[in-house]
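First the structure, in the form of structure tokens, and then the observations on it.
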Amino acid sequence: AGDDTLFVFAAIVRHENLAIGEIVEAANLPERVVRHALRFGVDCGAVARFPDGRYRPTPEAQFALNQLLERRNFLHG
């Protein structure tokens, strides 16, 4: 995953759940980039879209996602 995707994942992890507009604002990225990252995240099982339109990390990927983001300095422990 590229840096833009990791910025999107980090925003979701930090805030626990976000809608697309909130992710755009939090990550300071264009909506098309956020949508692409979300599609990638859903396809690989890192994030899930819930019926309320919000995105959250999947329980299965939470630990690995946190480790990856911390290792790449997108999150600080």
Excluding ligands, DNA and RNA, the carbon-plus-sulfur percentage of the accessible area of the chain with a 1.4 Å probe reads 50
With the calculation restricted to Cα positions, what are the radius of gyration and Dmax of the stretch 1-45 in angstrom?
9.1, 24
What net charge do the residues around ARG39 carry, taking every other residue with its C-beta under 12 Å from that of ARG39, with Lys and Arg at +1 and Asp and Glu at -1?
+2
More than 14 angstrom separation, counting every C-alpha pair in the chain; what % is that?
54
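The values are calculated or read from the model by the stated rules, or taken from the named source; none is laboratory data. Here the structure is a predicted model, which means the values were calculated and not measured. Counting neighbours? That spans all protein chains shown, and the Cβs are built from the backbone with ideal geometry, glycine included. Heavy atoms of the whole protein, side chains included, go into the accessibility calculation; ligands, DNA and RNA do not. Shrake-Rupley method; radii C 1.70, N 1.55, O 1.52, S 1.80 Å.
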